[in-house]
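Written below as structure tokens is the structure these notes are about.
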Amino acid sequence: MHQFTRLDGPVPVVSLIDERLSTTTICLASRYGAQQDPAGQCGLAHVLEHVVMSSPVGGVPSLSEHVERLGGHANAETGLDRMLFYAQVHPDDAEDVTGLLYRAALQPRWDEDVLEREKRAVFQELAAAAADPSDVVQDAFLAHLFPGHPLGHPVGGTRTDVERFSTASVAAAHRERLLTASLSVIVVGPGLPRTANPLAAGMDPQTLTAIGTTAAALPPSPPPGPPEAVRWPAEFAWVCAGARSVPDHDPRRPHFNVLAQLLGASPSSLLYRRLRGEAGLAYTFQSWNRGYADTGAWRVLAGVEPGNGDAVLDVIRAALDEIARHGPDPDDLASARRQEQMRVLTAVDSPLDCARYLALRSSGFASWSPTDEVAYIEAVNADDVRKAATRIRDGFRAVASPAAP
């Protein structure tokens, strides 16, 4: 059996302790993300993430290299509204690595050589993403859904902006944004490292007083413009379609998650039957919902053969309309609820996935647990899903990539 706890403080510690586990995963989660990048500095949070993981810390070349030399795994990721730094190690190394993780994230060393090296790595990431239409179309969809808003900016940034970054600008982002955003630490393992307490890890109390003192100052999301006709290329394309949903903390969030399962890639979903089984229009597609601080985005991503694009969108709209008008089939709803619950439980069963999941779900919530999430999903009824489908149907828009010239 596992024990789920939350210890409040300047840096809340969320832990899932299971003595049967043979590794310890530590994740430091910040509410600072790419949507807080200043104008003209798109990608600043992402570059900061790279520098934190790659700079010397505590007498070792970098957190990433040290953890990997211990046989563990370390990585980080930046999203629109979150930044995660995490490591999975042997329990004997957990206290040392937790302390290093705090120091790397909260007290980094600024080095021009490290910054230039990581900027080159980011350029490679940007080039790889630009060569993948399934990545390009998601950025284009969010830009269309949130026009002129930070949520519509690419997380990785642009080469032009990244080239201009200096150690001073990266240090300013760390000081003014990361250190003042809400922060939490998630531990999944057989025990709680003593250094999960930032004071026990040797963190400066003065540094800790700034954490959580500022919230993301974002302009309100403007309404999306009218849907535009999709420009289909004369080749295989990816299409991303959907609409705005609800914020991360909104009690209706599980309704949109269940709708994503109802119209997901499982053979049990309505969209699978309509799109692949009956129409034979798509081999690969997926649906998901993502909540942010003040809004959300529900979407379908599908691979489309030449000439089939409009037909694919017609099937997706018809499935949404069917649920919006009549509600979901009871058996389909029961299956979708179960699939969404299993998505949570499967994440909890994998220590690294569990830490990432808890980081994304627990930060900023006074009381939340995987058990709560399963209960919220179980309570989703047909009318909840019908209203969610109505919202997505009425706000529906789509973007394809590569787009026709």
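Every number here is computed from the coordinates shown, using simple stated rules; none is lab data. What you are looking at is a predicted structure, and each value in this text was computed from that prediction instead of being measured. Please note: Cβ atoms are built from the backbone with ideal geometry, for glycine as well, and neighbour counts cover all protein chains shown.
Taking the 0 to 90 degree range and rounding to the nearest ten, how far is the long axis of helix 133-145 tilted relative to the main principal axis of the chain, both from C-alpha atoms?
80 degrees
Looking at the chain, what % of its DSSP beta bridges pair antiparallel, to the nearest 5?
90 percent
Lys and Arg at +1, Asp and Glu at -1: add these up for the other residues within a Cβ distance under 13 Å of Ala140 and post the number.
-1
How far apart, in nm, are two points set 7 Å out from the Cα along the Cα-to-Cβ line at Glu77 and at Gln124?
With each label placed 7 Å out from Cα toward Cβ, I get 2.0 nm.
Against the longest principal axis of the chain, how steep is helix 112-130, in degrees 0 to 90 to the nearest 10, with axes from Cα atoms?
Helix 112-130 sits at roughly 10 degrees to that axis.
Just in segment 167-267: which chymotrypsin sites (Phe, Trp or Tyr not before Pro) are loop by DSSP and have at most 10 other Cβ atoms within 10 Å?
none
So how do 352-361, 302-311 stack up, highest first, on mean other-Cβ count within 10 Å? Kindly include the intermediate steps, with their values, before the conclusion.
Values: 352-361: 21.6, 302-311: 17.3.
Going from most to least packed, we get 352-361, 302-311.
Compute, for the chain, the length of the dipole vector about the Cα centre, with Cβ point charges of +1 (Lys, Arg) and -1 (Asp, Glu) only. Units Debye, rounded to 20.
The dipole magnitude comes to about 660 debye.
Tell me, in nm to one decimal, what length is gained between Ala279 and Leu199 on full extension, where the rule is 0.36 nm per residue of separation less the Cα-Cα distance?
Additional length available on full extension: 22.8 nm.
Name the long-range amide H neighbours of Ser182: under 5 Å, sequence gap of 5 or more, or other chain; modelled H, no Pro or chain starts.
Sorted by chain and number, the residues that satisfy this are Arg31, Gly212.
Give the label of the value calculated from the structure for Kirkwood radius over Cα pairs in Å, choosing from (1) 23.3; (2) 24.9; (3) 22.3.
(3)
What's the angle, to the nearest 10 degrees (0 to 90), between helix 309-326's Cα axis and the longest principal axis of the chain?
It works out to around 90 degrees.
For the residues His255, His73, what sequence is obtained by ranking on other C-beta atoms within 10 Å, fewest first?
Listing His255, His73 from fewest to most nearby Cβ atoms yields His73, His255.
So if I place +1 on the C-beta of Lys and Arg and -1 on the C-beta of Asp and Glu, and nothing else carries charge, what would the dipole magnitude of segment 3-210 be about its Cα centre? I want it in debye, nearest 20. Each step should come with its number before you reach the end.
Working: 15 positive and 26 negative charges, 75 e Å.
Charge dipole of segment 3-210: 360 debye, to the nearest 20.
In Å, the Kirkwood hydrodynamic radius of segment 237-401 over pairs of distinct alpha carbons?
Hydrodynamic radius (Kirkwood, Cα only) of segment 237-401 equals 16.1 Å.
If we sort 322-333, 285-296, 190-201 on the protection proxy, mean other Cβ atoms within 10 Å, highest first, what's the order?
Values: 322-333: 16.7, 285-296: 20.2, 190-201: 18.7.
Peptide ranking by packing, descending: 285-296, 190-201, 322-333.
Rank-order 23-36, 144-157 by packing density, defined as the average count of other C-beta atoms within 10 Å over each peptide's residues, highest first.
23-36, 144-157
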